[in-house]
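Every number here is computed from the coordinates shown, using simple stated rules; none is lab data. Please read these numbers as outputs of a predicted model, since none were measured by experiment. Note that we place each Cβ from the backbone using ideal geometry, even for glycine, and neighbour counts take in every protein chain shown.
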Amino acid sequence: MAGIDLGRLSAGAVTAVLLLSGVATAAPTPNPSNRPAPSGVSITPLPTSPHLTGQGQALDFRSVNPGATVSDQVLLRNIGDTAVPVQLYPADATTAVGGGLAFGLRSAHPREIGAWTTLSRTSVTVPPHGSIPLSLRITVPTVVQGGGYAGGIVAEQVSPPATQGGLAQIFRFAMPVYLKVPGGAPGATPGRGSPDGTIEVVDVAFPVHGGKVCPVLTYRNSSQDVVNPDARVVVDPRWIGSKKAAVYKGIGTLVPDTSATKQLPCRALPPTGGSVEVDLVGPHVSPLKDRRSTDVDGSPWAVILALLLLLLLLGLFLLLLFKRRSRDDEEEEAAAQAG
């Protein structure tokens, strides 16, 4: 299937993988007359963690020196009515094609955060409506490139039930983990990315569908940080109307030295046409020279209607002017006769 990365798991999302075919798919819609009890396992940081980030759904250890060890705790929760056995593993994170993080499978061989992380337990059974605390320790190697790193702790369901057709589904949930190594290895500074690197607009396409423009933005992270920029789309009408800007928050996380292509929300085009401009907003964003814009033509009928409206307004103005002059002439004539 095009567009599916079979070796990755999207951040913060439950993923179902068919064991026999290896194809990623969504869970089947339950029969309303035989709806199963709610179920699901998630991993979240402790609410008291000093490393909370991402609205409390991820851990960010910030700056960690080479050779140093950091630790924290997470909570494995089960909202279902039955006990759920799961296996836990640390994973590296990479940039997904459309932005955001993708996590390696349990069979992968991590080389970064996934390899540096040790969990207190790797196999547990979470009781119904219960939770289990787990500890994690991350030891950064003494020789490592500087820059931002992203990984995750993944919970994978064990012995999933078979679905129709005899295929079993595996459900996974990932909690992101971030840290940044200052500098870099001796002789390798500055490491991944560049200390003065920016987030660059590589390309923007402006396809038009049904009177709307739907920008497709390709952007690259040349900095040393893990970034999640905002995108801004400005529509400036031609002749009639005012300029309107929309900012879309957090269009997709990028690790250093990677790029992604993102479909932005469609915006209505002015009837008379105009310009559409796209740029990025946030820390590490490159200068305004990376703005991309295009001119779009409006509907010919809209232009014709606009011209007819202008002619109508001009005709009304001339008519009012003619009536006023006629009234002034009549008043002058009446005044002359009275004198």
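Things to note:
- Sequence-distant residues sharing a close amide H with ALA96 (under 5 Å, placed H): LEU101, ALA102
- The range 140-159 and the range 44-86 have their alpha-carbon centroids 13 Å apart.
- Length released on extending from ASP328 to ILE240, taking residue separation times 0.36 nm less the Cα-Cα span: 28.1 nm
- Cβ-Cβ FRET estimate between LYS249 and VAL216, R0 fixed at 22 Å, reported to 0.05: 0.75
- The range 202-339 shape via C-alpha gyration tensor axes, a/c threshold 1.5: prolate
- Fully extending the segment from THR69 to LEU46 would add 6.4 nm, taking 0.36 nm per residue of separation and subtracting the current Cα-Cα distance.
- Computed E for GLN263/LEU319 - FRET, C-beta separation, R0 41 angstrom, nearest 0.05: 0.20
- Residue exposure proxy: PHE206, PHE103, PHE61, ordered by other Cβ atoms within 10 angstrom of their Cβ from fewest to most, comes out as PHE206, PHE61, PHE103.
- From phi via Karplus (6.51, -1.76, 1.60), per-residue ³J(HN,Hα) for the range 112-129 in Hz, x at Gly/Pro: 10, 4, x, 7, 8, 9, 10, 9, 5, 9, 10, 8, 9, 10, 8, x, x, 6
- Sparsely packed loop sites in the range 39-129 (the trypsin sites (Lys or Arg not before Pro) outside DSSP H, G, I, E and B with at most 16 other Cβ atoms within 10 Å) comprise ARG106, ARG111, ARG121.
- With θ taken as phi - 60° and the Karplus curve 6.51 cos²θ - 1.76 cosθ + 1.60 applied, the whole-hertz 3J(HN,Hα) list for the range 218-225 is 10, 9, 10, 9, 9, 8, 8, 9 Hz, x standing for glycine and proline.
- Measuring r between the beta carbons of ASP203 and ALA108 and using R0 = 51 Å, the FRET efficiency lands at 0.95.
- Working note: Karplus 6.51/-1.76/1.60 with θ = phi - 60° gives the range 263-269 the couplings 7, 8, x, 6, 10, 5, 8 Hz, where Gly and Pro are set to x.
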